[in-house]
Amino acid sequence: MLRSQRALSNCGCSVHPETPWKGMNGVYWLEQTEADVPVEDSWLSAGEAVLLNGLRFAKRRADWRVGRWTAKRALMMYLEVLGRPQTIADIEIRAGSSGAPEVFFSDKPAGVRISLSHCAGAAICAVAPSHVAVGCDLELIERRSEAFLADYLTTQEQALVIQTSWADRPRLSTLIWSAKESALKALGVGLRLDTRCVEVSFQVPWKESGGGDRRFDNAAFGSPPAYGPNRWCPLQVCYIKNQVFSGWWQYMGNFLRTLVAAPPPPLPTLLQSSDVLAHSKYVESKF
Ligand SMILES: CC(C)(COP(=O)(O)OP(=O)(O)OC[C@H]1O[C@@H](n2cnc3c(N)ncnc32)[C@H](O)[C@@H]1OP(=O)(O)O)[C@@H](O)C(=O)NCCC(=O)NCCS
């Protein structure tokens, strides 16, 4: 039984005793959009409802709601706590002193790590066992200014962008930026640290396009998936103090996702109700 499940068992919740679809260092993820979020707020805990009411700006409220909804849905599947309508409100995601999300279940630490990101009406949540430092990020692929690249990327990262064709630069610079954000979240500090303290490296499927330019080999991202389910590609982020995060990136449409962890995670697994239901004697009654 996972430590998180033991913690939950102590709360007297319905937790499935076996987790045949989970690995020790496995990282799991779920993405939701604002359209998935219930209009009413009964799925929030009392504390979360108070916090939501205190958020002044509509965009922040919307981001916060889709982030919390995504996290709660992911946790219900990861922790296999099903069958009680109240369960989703019993899961509470609180912000720690650094802003990092911390998971509580019925007011007790749930013994599980998560990372959250919201962007353009969507949110992603990564879930991992408590001994895994995990960070994830969701970004819109867009062109970044030269000043942005000079301010936030290391010399080596800037060189990589400059060697890349003009058309591919938005995707590459978004990937580097997103991987940095993921690593800074896994470190639990966010943008308090200089983003040049973390350096991103990866093997892009390059294609020489003549004139010294390199282009992404888009065919490598076509079907069938190049690297496994959901077309995740490997990357690494090295922190200045020799701490290395391993992870994955992928893009679909205009969205790019990164997910990093230490110890190195296997390919991220998409959380799906069917995985849970296949192994659970409980039935989701409300959501
Ligand atoms: C973490 C951070 C890099 C994310 O920035 P972002 O691109 O705007 O937002 P994302 O949607 O990708 O991620 C936001 C989520 O990151 C998480 N997060 C915030 N601070 C975090 C930290 N120190 N460590 C890990 N995760 C953190 C939160 O879950 C947050 O969502 P929530 O507030 O709705 O719970 C940034 O908010 C940050 O650095 N925050 C801490 C420092 C700070 O507040 N600085 C002021 C701005 S420089």
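FYI, it's all coordinate maths here, none of it is from the lab. Computed from a prediction, not measured in an experiment: that's the story for all the values here. Cβ placement follows ideal geometry from the backbone for every residue including glycine, while neighbour counts extend to all protein chains displayed.
Summary table below
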| read-out | value |
| --- | --- |
| Order of 105, 202 under a 10 Å beta carbon neighbour criterion, fewest first | 202, 105 |
| Ranked 240, 114, criterion: other C-beta atoms within 10 Å, fewest first | 240, 114 |
| Segment residue 254-residue 24, extension gain: residue separation times 0.36 nm, minus the distance between their alpha carbons | 79.6 nm |
| Förster radius 22 Å - calculated FRET efficiency between residue 201 and residue 150 (Cβ-Cβ, nearest 0.05) | 0.70 |
| Under 5 Å, built H, 5+ apart or other chain: amide partners of residue 232 | 227 |
| Cβ crowding within 10 Å averaged over residues, with 32-43, 120-131 ranked highest first | 120-131, 32-43 |
| Greater than 26 Å apart at Cα, pairs in 185/241; 108/180; 72/185; 108/185; 72/108 | 108/180 |
